[in-house]
C-alpha cells in the first residue's frame, strides 16, 4: 500500500513539473509548426520571341554562374534585328519627310505673314500721313511754312550725311527716333492727364482736343522716324543717298506748297477715307494669313509623332540586338535549377519564363506563420530555435528578421489571402521571416520546419 502511494506521489510530482515547464515555455516562447524553408530564386525569361533550339540544363541540376542553360534560334533573332532596323529606317524616313513638309509650311506661312505685315504697316503709315495732312489744316500758314523749312533742313542734312558717312546717318536717325519717342510719350501723357481732368469738369473740351491733335502729330512723326531708321539701317549707301535726295525734293515741294497756302481739308479728308479702306483691306489680308499660319500646327504635331516613333523604333532595335547577344541563355547565379518551363523545339514568346534558379550564394531563410493571438509578442531581433523536419530533432539557431503587415496564407506556395480562405471565426496567421544558421546542412526550399521564438 505504501508503495502504491509512493508511486502516485511520484506521478503527481512529475505531472506538476511538466505543467510548470509547459507554463514556463508558453510564457517564454511562441511556437509555429507551419514553417517552411525558403530560398532566393531567379526566374530567367526569353529575351525575344524565338524557337528554343536546345535545353542544356534540367531540373535539380547544379549550375554555376555564366553556364549556358539553353540556346535560342539565332536565325530568328537575326531576322528580328533586321526587321527592327527596317522599321527604324522607315520611321526615320517618315520623320524626315514630315520635317521637310513642316519647313515648307513654315516658310510659306512666314513669307505670307511678312508680306501681309508689311502691307499692314504701309497702310498704317499712309493713313498716318493722310491724317497729318488733315491735321495741318488746323495749323496756321506761318507754322506750316516753319515746319516745312525745318523738314527741308533735316532732309538736306540727311543727304549730306548720306553722301559722306553711313554710320553718322544711322546715328542721326536713331537720335531722331529717340527724340520722337520722347515727344510722343509726353504727348500721350498730357492727353491722358487732360482727359481725366475733363471727366471731372476741371478743363474745357478744347484743351483735350488740342492735346489729341498734338498726340496725333507726335505719333505721325514717331512712325516716320521708325520708318527712316529702318530704311537707313537696311539700305545700301547708294540707296540711302537716293532716298535722301528724294526726301529733299519732297521737302522742297512741301515748302513750296506751304508758302503757296495749298492745304485743303476736303482733299485731306478724301485721302484719309481712301487710306482707311486700304488699311481695312490690309487687316483682312493679315487675318487670312494668320488663319493659314495656324495650319502649321498639325504639321508640328506630325513631326512630334514621327520623332516619337523613331525613338520607339530605336528602343525596339536595341531590344532586338540585346536579344541576339543573349541568344545563349546563361545563368546569372550559381545554384540549382528548381524548374524549367520550356522544352526543346518550342516557340517561346518574349518574356516567357524558361528557368527558375535557386541562388546558392544567398542564404536560405525560414517563413513561419503565427496566430494573430501570438504575433503581438514577436519582434524583429528575437532569437529562435528552428527544427527542420528532414533533420529530425536537431536544433538550429535563428533570429526574427521581419514581421509581416498583412494576414498570410497558411501554405507559403499559394498566393491567396488567409483572410479570405480561412474558416469563419478562425484566427488569422501572420508571416514572419527568420534567418537560419544552417550549420552546413543542405537546405532545400520547401522543407518543413518547426519554430520556437523566445519572446522573454
* Give region 45-67 a look and list any residue that's in contact with a helix residue (DSSP H, G or I) (Cβ under 7 Å, 6 or more places away or on another chain) and surrounded by fewer than 18 Cβ atoms within 10 Å (Cβ to Cβ), or say none. => 51
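Let's see how each residue does on (1) loosely packed, with under 15 Cβ neighbours inside 10 Å; (2) at pLDDT 75 or above; (3) under 30 Å from residue 68 (Cα atoms):
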position	(1), (2), (3)
280	yes, no, no
305	yes, yes, no
308	yes, yes, no
317	no, yes, yes
* **Condition check for residue 210: in the same structural domain as residue 247 (by TED's automatic domain parsing) and within 52 Å of the chain's Cα centre (by Cα)** => no
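Determine which member of the set 351, 335, 392 is under 30 Å from residue 76 (Cβ atoms) and surrounded by fewer than 13 Cβ atoms within 10 Å (Cβ to Cβ). If you could, list the steps in order and put the result at the bottom.
Numbers: 335 fails: surrounded by fewer than 13 Cβ atoms within 10 Å (Cβ to Cβ); 392 fails: under 30 Å from residue 76 (Cβ atoms).
Being under 30 Å from residue 76 (Cβ atoms) and surrounded by fewer than 13 Cβ atoms within 10 Å (Cβ to Cβ) holds for just one of 351, 335, 392, which is 351.
The values are calculated or read from the model by the stated rules, or taken from the named source; none is laboratory data. Bear in mind that the values here come from a model prediction, so they are computed numbers and not experimental data. Neighbour counts run over all protein chains shown; Cβ positions are idealised from the backbone, glycine included.
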